[in-house]
Amino acid sequence: MRKRSILSLSLLSALLVVGGYAVVQGQQTPSSTAVKSGRWSDAGTWADKKVPVANAAVTIDRNVEVTLDVTPPALRSLTINGDLRFADNKDLELNTEWIMLHGELEIGTEAKPHTHKATITLTDNIKGEDFGGLGGGDRSDRGIMLMGGTLNLHGNRTNSWTKLSKTAEAGSTSIEVLNAAGWGVGDTIVLASTDFDPHQAERRTISAIKGNTITLDKKLDYMHFGKITFDVDERGEVGMLSRNIVIQASADADKDLFGGHIMAMSGSKMQFSGVELNRMGQNMHLARYPIHWHLIGDAPGQYIKNSSIHDTYSRCVTVHG
């Protein structure tokens with residue numbers, strides 16, 4: 001087993017807000033505030049009549065509803081006091097160091113799931129931030145922090161799990177499953193191990209598909225059993241990792257195992273369905289997990305379902321209190 005050594009460095013940043021600009025580590029960071037409901041791409045939505053530029057610290061005021069209709073340049077931060085909703089007429093990406101959520105962030109609804117690709121990538125160019133005000137340096141860095149806010153994420157993937165319909169031999173470049181409805185080229189799947197060795201689980205990308213026959217991007221290293229024997233169903237499981245809504249840390253997280261996290265505090269609300277979480281969780285950092293309900297008390301109607309969490313650095317879903 002490969003061993004990794006982890007070096008955690010906390011950098012103390014001086015943050016001053018002067019005349020609408022933040023000074024971070026000697027560099028000016030432009031700020032943009034949405035003061036009128038409308039499209040992100042509409043200059044009239046913003047207080048200075050300018051669409052947010054790269055590295056901007058963006059704020060959406062209370063009682064303001066903004067529709068993200070373009071992929072903006074990578075942001076410094078995003079504070080949502082009002083509402084931000086992703087348009088569903090094109091694929092969109094949002095890159096930011098962190099998101100503070102007092103209002104609502106919505107990508108699809110239960111009644112009308114999102115149909116296009118929506119990706120939120122959490123970067124970490126400024127180390128050791130404490131944007132949640134919890135103290136302790138990097139206590140809330142690279143995350144989506146809900147302080148009484150609402151996070152609604154609803155993708156359109158419905159079939160996320162099936163079984164092999166026949167044994168897939170080692171060296172095979174295709175598999176047959178019970179139900180591949182809705183799966184397509186480019187999707188990532190995982191075949192569970194059917195051996196006593198859990199490391200025989202294998203991840204593959206679909207390169208072609210016809211009915212329930214799936215062609216893989218490369219050969220299987222191991223055999224995966226696909227039969228019912230003596231009335232016992234021992235057919236190997238096949239899971240779909242891909243979703244059309246993706247929350248992830250940027251790829252550099254693999255170097256120090258410091259991924260993204262989503263944390264809901266008291267009074268917050270989270271509903272997740274059809275969401276993929278990748279490179280999330282922060283190794284050796286307490287209370288920094290991919291999905292985290294933190295001392296939230298009773299939470300009727302809140303859930304995570306039909307979602308995938310993979311390549312996590314610290315647990316998967318945590319519920320405290």
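Under the simplified labelling scheme, the Ala181-Thr205 pair shows an inter-label distance of 2.8 nm, with each label point 7 Å from Cα along Cα→Cβ. Between the stretch 153-232 and the stretch 269-321, the C-alpha centres lie 26 angstrom from each other. The residues of the chain present an accessible area of 48 Å² per residue when probed at 1.4 Å with all protein chains retained. Looking at the chain, send over the antiparallel percent of its DSSP beta bridges, to the nearest 5. Here the share of antiparallel DSSP bridges comes out near 30 percent. Largest accessible area first, the listed residues Thr123, Thr173, Thr205 line up as Thr173, Thr205, Thr123 when surface is computed with a 1.4 Å probe on the assembled protein chains.
Expressed as a whole percent, the accessible surface of the stretch 195-265 that belongs to carbon and sulfur atoms is 53, based on a 1.4 Å probe. Under 5 Å between amide hydrogens, built in the peptide plane, is the criterion, and for Thr59 it picks out Ser32, Thr33, Ala34, Thr79 among residues at least 5 positions away or on other chains. Taking 20 Å as the straight-line reach from the Cα of Lys227, the lysines in range (excluding those fewer than 8 positions away in the same chain) are Lys163, Lys166.
Structural size metrics of the chain, computed from C-alpha coordinates, are Rg and Dmax of 21.5, 75 Å. Solvent exposure of Met223, expressed as accessible area, is near 80 Å², computed with a probe of 1.4 Å over the protein chains only.
Based on C-alpha pairs under 8 angstrom that are at least 6 apart in sequence, the stretch 58-209 has a relative contact order of 16 percent. If r is the Cβ-Cβ distance from Thr215 to Lys50 and R0 is 35 Å, what FRET efficiency results, to the nearest 0.05? It comes to 0.10.
Label zone (Asn63, point 7 Å along Cα-to-C-beta; backbone nitrogen cut-off 16 Å) within the stretch 80-99: 81-83.
Label reach from Glu169 (point 7 Å along Cα→C-beta): in the stretch 204-223, amide nitrogens under 20 Å belong to 213-223. With a cut-off of 12 Å between beta carbons, the residues surrounding Arg204 carry a summed charge of -1, where Lys and Arg count +1 and Asp and Glu -1.
Counting heavy atoms of the protein chains alone, Ser160 has an accessible area of about 30 Å² for a 1.4 Å probe.
The values are calculated or read from the model by the stated rules, or taken from the named source; none is laboratory data. Not measured: the values here are computed from a predicted model. A quick note on method: Cβ atoms are made from the backbone with ideal geometry, for glycine too, and the neighbour counts reach across all protein chains shown. When the accessible area is computed, the model is the full protein with side chains, heavy atoms only, and any ligands, DNA or RNA have been set aside. Shrake-Rupley method; radii C 1.70, N 1.55, O 1.52, S 1.80 Å.
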